[in-house]
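Read the structure below first, then the notes.
Any read-out appearing in this document is the output of simple, stated calculations on the displayed coordinates, not a laboratory observation. Everything numeric here is computed off the predicted structure, so don't read it as measured data. Reconstructed Cβ throughout: ideal geometry from the backbone, glycine too, with neighbour counts over all protein chains shown.
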2 protein chains.
Amino acid sequence: MMGGDYAPLEAVKGIVRYVSDGGSPASLVLLGDADLLRPLLTEHGISPEAIAIVHAPEHIGMHEHPTKALKEKKASSIAVGFGMLAEGRLDAIISAGNTGAMLVGALFSIKALPGILRPTIGAYMPRENGRLGFLLDAGINADCKPEHLAQFAVLGTLFMKHVMGVEDPRVGLLNIGEEEGKGNILAQAAYPLLQQQPGIRFIGNLEGRDVLVDKADVMVCEGFTGNIVLKMAESIHDIVVRRNIHDAYFDTFNFESYGGVPVLGVAKPVIIGHGISGAQSFQNMIRLAEKMIEKDLLGKISEAIV
Amino acid sequence: MMGGDYAPLEAVKGIVRYVSDGGSPASLVLLGDADLLRPLLTEHGISPEAIAIVHAPEHIGMHEHPTKALKEKKASSIAVGFGMLAEGRLDAIISAGNTGAMLVGALFSIKALPGILRPTIGAYMPRENGRLGFLLDAGINADCKPEHLAQFAVLGTLFMKHVMGVEDPRVGLLNIGEEEGKGNILAQAAYPLLQQQPGIRFIGNLEGRDVLVDKADVMVCEGFTGNIVLKMAESIHDIVVRRNIHDAYFDTFNFESYGGVPVLGVAKPVIIGHGISGAQSFQNMIRLAEKMIEKDLLGKISEAIV
């Protein structure tokens, strides 16, 4: 509840939206400063008795060093949450707080699923036809081996298929040239692995100009390129807003509206939101966690990775 | 004269513009099909006697294999041109033709300047204030070592300073995080080299969101990331045009209008234009070659690289 630029207000509003949409199975556990949350919930028409609050009064700032902060602030919502997740007292964790701390928690408190070489995080890439592409890795694995990219393709495929509802997702390799054999050493080596990888539909190389068009549903690359592509796409939205351009497509570049992305490959659903997450984002993140559990995404990942 | 999507008409028009602007010292040598060029020149008010034409009737298509085409089509304008450049019968070469063939010519017919580890090619990145950033490598060096990036910084600095008229160009390292120590293995190793590199003004790391803002004049990265960034920026222009968005800044994303970029680090000025180059581009490319010679860019590069 304490993470993100508009915490805890937008998180509370997101919960109000989620609860009032009704028919949802999730029992929410709010982690944060209970003294702050209780009056806020009441104010927004939610009885503090109707919802579990775990008091976590410490706060990890957006720019704090992740490992250090997690170690020192044991009463922070992120530290408390990952503790509960590891003990099985939570089924999923969601936060718009310090991304680094969330990743450290995901990688070290709950660990990777057996067989996963590198847990990864993706980024949505909007297309003009309203569909979403999914680019991974988006920044946590700056240096990768070819087999990591092949595994990202499997993780991305399972996520897009089961959670995002994309039938038979197309997988592309982000590269600098269309033909097989193009690219840097990593991309050249990843290409045949992707061709041979069971459980994915590999369609070949993608170029930078294909990132924003509806060519592939899953786009794999190492996290260096992926992060630069993501940040550049985010900056396009900033420019469009600054220049007062109103366009239905560029409006969808508002990455905040997507809610959040899961850390794929770890043993529990962990959803990381953008720092600027608003009410809609929080609602979407809860739904995303719910869907990951409902569709048993982690079970499907475990089956696929042997 | 035979290269590019609108050859040779737009090249002829570009020459008309260049000549009619007057006061220019360059004596042009046109390489291409003389039977085709002569009537076209007359039609556009240029006496074919007033301008040198070297008959090069063969044509390398945009999708032909560069090395193979250059070997087999010895009477193509690119093959003839690089031969003349190597023999000192030309001082610079310009083409909007097959980029690969131009690169093969640049790297193997005329070779790198002594001390140059990897010749490179850059890309202009437009900013809202009208300035241009220069990103290099833009795609010919997919795998790089840290020392290559340091040398790209020197080449980019000299080009931006002497040819583009940018005073004391700022150099940034394209990376995934602002602080020193961030990034992949290459970027982490390149950072201290850039700090220690004489003759450049290193301002630190840049992120993907900084590519289109006026933070650094020279942005260095390996050619894999650089090419993806370039192609993505080009695709933004395509999207803007397709969506009928009229905006003075996004109009400058029309990369065709910049003319061309030099292959930096080779022993003669070689200017490569976009396939869709029009008259304005050709005029700009002639001016660019002229300026490189006038400012003795290659002499300055030779002095800097020891």
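A few notes on this one:
- With neighbour counts taken as other beta-carbon atoms within 10 Å, the residues B:Thr120, A:Thr42 rank, fewest first, as A:Thr42, B:Thr120.
- Computing Rg and the Kirkwood Rh from the Cα coordinates of region B:117-255 gives a ratio, Rg/Rh, of 0.97.
- Scanning residues 5 or more positions from B:Asp33 or on other chains, those with amide H under 5 Å from its amide H are B:Ala56, with H placed 1.01 Å from N in the peptide plane.
- Per-peptide average of other Cβ atoms within 10 Å, ordering A:80-90, B:6-16 highest first: B:6-16, A:80-90
- The peptide list B:260-271, A:154-165, put in order of mean Cβ contacts within 10 Å with the highest first, becomes B:260-271, A:154-165.
- Cross-link partners of A:Lys215 among lysines (Cα-Cα below 22 Å; sequence separation of 8 or more within a chain): A:Lys161, A:Lys182, A:Lys231, B:Lys231
- Principal semi-axes in Å for the protein assembly as shown [√(5λ), Cα gyration tensor, largest first]: 52, 23, 22
- Across the identical copies, how the B:Ile51 labels are spaced - nm, sorted shortest first, 7 Å along Cα→Cβ: 7.3
- Rounded if a/c under 1.5, otherwise prolate or oblate - chain A, Cα gyration tensor axes: prolate
- Amide hydrogen neighbours beyond the local backbone of A:Phe134, cut-off 5 Å, H modeled: A:Met125, A:Val218, A:Met219
- Residues considered: B:Phe134, B:Phe224, B:Phe152. Largest GNM mean-square fluctuation over chain B, using C-alpha springs under 10 Å, is found at B:Phe224.
- The GNM of chain A, with springs linking C-alpha atoms under 10 angstrom apart, assigns the highest mean-square fluctuation among A:Ala92, A:Ala189, A:Ala106 to A:Ala189.
- Residue-wise HN-Hα coupling along region B:36-47, computed from phi with Karplus coefficients 6.51, -1.76, 1.60 (Hz; x: Gly, Pro): 8, 6, 4, x, 5, 5, 4, 4, 9, x, 10, 6
- Summed over qualifying helices (DSSP H, 4 residues or more, each -39500 (n - 2.57)) and divided by its residue number, chain B shows a 222 nm mean residue ellipticity of -11500 deg cm²/dmol.
- Backbone HN-Hα couplings from phi across region B:268-285 [Karplus 6.51/-1.76/1.60, Hz, Gly and Pro as x]: 9, x, 10, 10, 10, x, 5, x, 8, 3, x, 3, 4, 4, 5, 4, 4, 5
- Exam field: B:Asp5 pseudo-label spacings to other copies (7 Å along Cα-Cβ), nanometres: 3.8
- In terms of surrounding Cβ atoms within a 10 Å radius of their Cβ, B:Cys221, B:Cys144 rank from fewest to most as B:Cys144, B:Cys221.
- Listed residues A:Tyr191, A:Tyr249, A:Tyr124, most fluctuating in chain A (Gaussian network, C-alpha, under 10 Å): A:Tyr249
- One Cα centroid belongs to region A:84-128, the other to region B:8-66; the line between them spans 60 Å.
- Overall, the protein assembly as shown carries a charge dipole of about 660 debye about its Cα centre when +1 sits on the Cβ of Lys and Arg and -1 on the Cβ of Asp and Glu, all other atoms neutral.
- Scalar couplings 3J(HN,Hα) for region B:214-221, obtained by applying the Karplus form with A = 6.51, B = -1.76, C = 1.60 to θ = phi - 60°, are 7, 9, 10, 8, 10, 10, 10, 6 Hz; x denotes Gly and Pro.
- In straight-distance terms, cross-link reach from B:Lys295 covers every one of the aspartates and glutamates whose alpha-carbon lies under 14 Å from its own, apart from those fewer than eight places away in the same chain; here that gives B:Asp91, B:Glu303.
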